[in-house]
Amino acid sequence: MDLQKIKNKMVQDLREQIPEINEDNIQIFEVPSKKNSVIQLKFKTKPSKLPNEVYVKIFKTENVANEINILNRLKNQKFHVPSILFFQKPYLFLEKVQGTNLCDFINEPLKETENLDDLDSDTRTQIINSVERLAEFIAQFHEKNFVRKRYKGKKKFVLCKGDTRLRDFIYDSEINEIYAVDFEDAYEGNHMDDLAWICTSLLDTDPGLFEMKEPKHKIDLINIFLRKYYRTNPNFPFEFSYLAEKIIENLNIVIERRNLPYGVVSKEKLIKDISKEI
C-alpha cells in the first residue's frame, strides 16, 4: 500500500468536504485488510465534525452499499459495530473502536505453548472469555437476522457475515465486550458458514495448524466456541459433517490465498478432535 499516494489522493478528493484533511494536519497508517484499503487516520488539529482518530475504508469493490446498510441495521439492533461518520465514495469513515484486535489478543499469549493449561490462570480465563463473547455475538447476530423465507427443514438460514476472520473483531477486555467490523461480504446462507470460518481462523493463525503438528490449544478453543454458540442458540441445528467439510474447504482456500507450501488438508488429519457433541 502506497500511503503517500493515498494521502495525496484523499487531500485532493476531500479537502472541500473536510478542510482539516490537508497534508500538514493528517497522519495515516496502514491497517491489514483482505480486499479494500483500510487506514487509520489521525488529525493533529481536531476537525469540527470528526474525532481526532478515525478509520477509513477505501473501497475498490462495489460492496460499499452492502456494508453501509448492514452497519446501520446492526446499530439499530444494538450490536457493537462502528458508527458511520462520513461517506463519499470510495471513502467510508468509521468510528475508532477501543480494544485489541481479537486475533492478536488470542494468539500472542499462545506463542511458545501447546496447551491452554500452559498459560497462567488469568490469561487463560481472559482468552476463554473472549472466545465465549465472540460465540455469543455471532449467535445473537444470527438469531436476530434469521431469514424466514429461506427456512428449510433442519437448516437455519441467516445473515452470514461472510469470510469471517478473528481480525474482524475487536475485544475490550476491561468490559468483556466484542465489537465487529467488516460486513462487505455479508450474505444469506447457512448459519454454520460463519462458524466454520471462525474455526478456520483459529486454526490457521499463528500459532496454529501451519506452525504446529497438533495445535491442541486451538482445538480446545474451537470446542469452547462451538459449545457456547449452541448454548446461546439451542434451537439451531449442529451438523458435524457440514462443519467439517466447510473447515477443510476454508483451510484449502487459505493455503491457496497465501500460497503456502502445505498441500491439501484432509478431513481425517484434522477434524477428529473437534467434538461431535455440542
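The values are calculated or read from the model by the stated rules, or taken from the named source; none is laboratory data. Here the structure is a predicted model, which is why all the values come from computation and not from measurement. We place every Cβ from the backbone using ideal geometry, glycine too, and count neighbours over all the protein chains shown.
In segment 86-133, which residues are under 24 Å from PRO32 (Cβ atoms), of a type in the set (Lys, Arg) and over 14 Å from the mean Cα position of the chain (by Cα)?
LYS89, LYS96, LYS111
Out of all the residues in segment 230-249, which are of a type outside the set (D, E, K, R) and surrounded by 13 or more Cβ atoms within 10 Å (Cβ to Cβ)? Please lay out each step first, then the result.
Step one: filter segment 230-249 for residues of a type outside the set (D, E, K, R), giving 230, 232-238, 240-244, 247-248.
Selection gives TYR230, THR232, ASN233, PHE236, PRO237, PHE238, PHE240, TYR242, LEU243, ALA244, ILE247, ILE248.
Okay, residues lined up against (1) polar (S, T, N, Q); (2) surrounded by 19 or more Cβ atoms within 10 Å (Cβ to Cβ):
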position: SER130; (1), (2): yes, yes
position: GLN140; (1), (2): yes, no
position: LYS144; (1), (2): no, no
position: ARG148; (1), (2): no, no
position: TYR171; (1), (2): no, yes
position: TYR179; (1), (2): no, yes
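Which of the residues belonging to segment 93-141 are touching a Phe, Trp or Tyr at 6+ places or on another chain (Cβ under 7 Å) and among the aliphatic types (A, V, I, L, M)?
Passing the criteria: LEU94, VAL97, LEU102, VAL131, LEU134, ALA135, ILE138, ALA139.
Just for segment 60-80: of the residues that are in contact (Cβ under 8 Å) with a residue 40 or more places away in the chain and closer than 29 Å to ARG15 by Cβ, which one is surrounded by the fewest Cβ atoms within 10 Å (Cβ to Cβ)?
Ranking the qualifying residues of segment 60-80, first place goes to THR61.
For LEU209, only one of the following conditions fails: (1) touching a Lys or Arg at 6+ places or on another chain (Cβ under 9 Å); (2) part of a helix (DSSP H, G or I). What is its number?
The single condition LEU209 does not satisfy is (2).
Could you check segment 146-158 and list, in sequence order, the residues that are within 13 Å of ASP194 (Cα to Cα) and at pLDDT 90 or above? Let's see the steps before the verdict.
At the first step, the residues of segment 146-158 found to be within 13 Å of ASP194 (Cα to Cα) are 156-158.
Residues satisfying the conditions are PHE157, VAL158.
Being touching a His at 6+ places or on another chain (Cβ under 7 Å) and either β-branched (Val, Ile, Thr) or assigned by TED's automatic domain parsing to the domain that holds SER83 (or both) is the filter here; which residues of segment 159-185 pass it?
ILE178, the sole residue that qualifies.
Can you find even one residue in segment 251-261 that is surrounded by fewer than 17 Cβ atoms within 10 Å (Cβ to Cβ), β-branched (Val, Ile, Thr) and either within 16 Å of ASP163 (Cα to Cα) or modelled with pLDDT of 95 or more (or both)?
Yes; the residues of segment 251-261 include at least one that is surrounded by fewer than 17 Cβ atoms within 10 Å (Cβ to Cβ), β-branched (Val, Ile, Thr) and either within 16 Å of ASP163 (Cα to Cα) or modelled with pLDDT of 95 or more (or both).
Testing SER37 on (1) buried (at least 19 other Cβ atoms within 10 Å of the Cβ); (2) touching a strand residue (DSSP E or B) at 6+ places or on another chain (Cβ under 8 Å); (3) small (Gly, Ala, Ser), one condition comes back false. Which one is that?
The single condition SER37 does not satisfy is (1).
Right, GLU188: surrounded by fewer than 24 Cβ atoms within 10 Å (Cβ to Cβ), assigned by TED's automatic domain parsing to the domain that holds VAL131, closer than 27 Å to ILE58 by Cα and not hydrophobic (A, V, I, L, M, F, W, C) or not? Talk me through it step by step, then tell me what you get.
Details: surrounded by fewer than 24 Cβ atoms within 10 Å (Cβ to Cβ): yes; assigned by TED's automatic domain parsing to the domain that holds VAL131: yes; closer than 27 Å to ILE58 by Cα: yes; not hydrophobic (A, V, I, L, M, F, W, C): yes.
Criteria met by GLU188.
Tell me which residues, restricted to segment 81-93, are under 13 Å from PHE59 (Cα atoms) and either touching a residue at least 60 places away in the same chain (Cβ under 8 Å) or surrounded by fewer than 20 Cβ atoms within 10 Å (Cβ to Cβ) (or both).
Going residue by residue through segment 81-93, those that are under 13 Å from PHE59 (Cα atoms) are 87-93.
Residues satisfying the conditions are PHE87, GLN88, LYS89, PRO90, TYR91.
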